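To start, the structure under review is shown below, and the notes come after it.
All of the numbers you see were taken from the coordinates with simple rules; none came from a lab. Small disclaimer: the values here were computed from a predicted structure and weren't measured. Cβ sites come from the backbone with ideal geometry, for glycine too, and all protein chains shown count toward neighbours.
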Amino acid sequence: MNVQDKKVLTMQDISCFGQCSLTVALPIISCCGIETAILPSAVLSTHTGGFSGWTFRDLTDDIPAIADHWTKEGLAFDAIYTGYLGSARQIEMVKDLFARLAAPDCVKIVDPAMADNGKLYYGFDEAYAHAMGALCGEADIALPNITEAAMMTDTPYVGTGYDESYIRALMEKVLALGTKTVVLTGVSYKAGELGIAILSKGDKEISYYTHEKLDKSCHGTGDIFASAFTGALVRGKTPLEAARVAGNFTLAAMKATAEGHWYGAQFEKAFPVLLSELEK
Ligand code: PXL
C-alpha cells in the first residue's frame, strides 16, 4: 500500500488548551503525511500539569457506540496509537478496539502517558498503572518513559541513579508484559546526553539513539515524541530511525520554545525539522 493511503487512529484526550495529547498528535501525524482519525478519551479545559481548576468530561460511555459505527462502516487502521486515557475502563475498551479496528499488519502503539519524574499524573493510582501495563502487553510497541516502565513492572524508581543493567532489566520486564518492542524514553548515562533505548524480543543488545540533553524540560514532550515516532514508523522508518526522527524533532521543539512558555513545547515552530528528518 502507498504510504499516503495509510490511516492512523489515535486515542487520547483533548486538552483544549495546553499543547498536549490530541492537539499535538493530530497535527504532527498529519505533518508526516498520514491520514489521522481521532478518538477522544476525555475533554479537559487544560491538561493537568500546572493548571488548576480544569474541567474534565469523561467520554468512556461514547466509545463503544463510536467503535460500533466504525465497524459497520468497515473501517480499519494501519496503526492504532493510544496516549492519555480518561479512565481504567477505557483500557479494557482499547483492547476491544485493537481486535475490531486493526487492518492486517496494523501496528499497535501504546504510550502509557500516566507518569513522569517518579510520580503518577493527577487522578491515577497503582491499579491504573498495572492495567496500563496489561495494555502495553497487547501492543506491538510500548513507549514508556522510565517512571512509567518502573510503575508498570513494580520496579523501584531510582531517579537518575541507574546504570545500563538497571535499564536492561527494566526493559526485559516491559517485554515480559507481552509487547514485542519497548521504546524507553529519557535514558541518560552521561551528563549532557539524553537518549531513547529500544529492545525487541529476541534482541541481544539494546539499540540507542542519543542526542544532546537540554537544561530545561517542557510539558507534553512525551506526546510530541510518541506522535512523531508513530508518523515516522507508518512512513516506513524502522523503530530506531523513527526514534531519531522523533528525538530530533522533540529536541528542536524544545529549543524553539520561548522562555516563560511554561505549559507546553512550541512544536509548531519545529515542523521544518520534522519534514527534513523524514526525508533522511
Ligand atoms: O502529556 C500528557 C498528558 C495528556 N493529557 C492530560 C495530561 C497530561 C499530562 O499531564 O494532564 C490531560
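Among residues other than Leu177 whose Cβ falls under 14 Å from its Cβ, what is the net charge (Lys/Arg +1, Asp/Glu -1)?
0
Can you give the log10 of the normalised intensity I(q)/I(0) at q = 0.15, 0.22 Å⁻¹, computed with Debye over equal Cα scatterers of the stretch 186-265?
Relative scattering, expressed as log10 I(q)/I(0), comes to -0.55, -1.05.
Above 19 Å lies some portion of the pair distances; for the stretch 138-280, what is it as a whole percent of all C-alpha pairs?
51 percent
Which percent, to the nearest 5, of DSSP beta bridges fully inside the stretch 1-58 are antiparallel?
Expressed as a percentage, antiparallel bridges in the stretch 1-58 total about 25.
Inverting the mean 1/r over all pairs of different Cα atoms, compute the Kirkwood radius of the chain and quote it in Å.
The answer is 18.6 Å.
What value in Å³ per residue do you get for the convex hull of the alpha-carbon atoms in the stretch 1-122?
Details: hull volume 13.4 nm³, N = 122.
That works out to 110 Å³ per residue.
Would you mind estimating how fast the stretch 62-144 diffuses translationally, via Stokes-Einstein at 20 °C and 1.002 mPa s with the Kirkwood radius over Cα pairs, in µm²/s?
Using the Kirkwood radius from Cα pairs, D works out to 160 µm²/s.
Would you please give the FRET efficiency between Cys16 and Tyr122, computed as 1/(1 + (r/R0)^6) with r the Cβ-Cβ distance and R0 = 22 Å, to the nearest 0.05?
Given R0 = 22 Å and the Cβ-Cβ separation, E is 0.85.
Just how far, in whole angstrom, is the stretch 1-54 from the stretch 241-280 if you go by their alpha carbon centroids?
Spelled out, the Cα-based centre of one part sits 16 Å from the other.
With no solvent and one point per C-alpha, what does the Debye sum give as log10 I(q)/I(0) for the stretch 102-218 at q = 0.15, 0.19 Å⁻¹?
For the stretch 102-218, the Cα-only Debye profile gives -0.64, -1.01.
Can you tell me the mean projection area, over all orientations, of the convex hull of the stretch 160-216's alpha carbons? Units nm², please.
4.1 nm²
Quick check: net charge around Lys119, other residues with Cβ under 14 Å of its Cβ, Lys/Arg +1 and Asp/Glu -1?
On the way: positive: none; negative: Asp116, Asp125, Glu126, Glu148.
Its environment carries a net charge of -4.
What is the Å³ per residue value for the convex hull set by the Cα atoms of the stretch 1-63? Display every interim value, and only then the final one.
Values: hull volume 4.4 nm³, N = 63.
Normalising the Cα hull of the stretch 1-63 by residue number yields 70 Å³.
Quick check: net charge around Asn145, other residues with Cβ under 11 Å of its Cβ, Lys/Arg +1 and Asp/Glu -1?
Value of the local net charge: -3.
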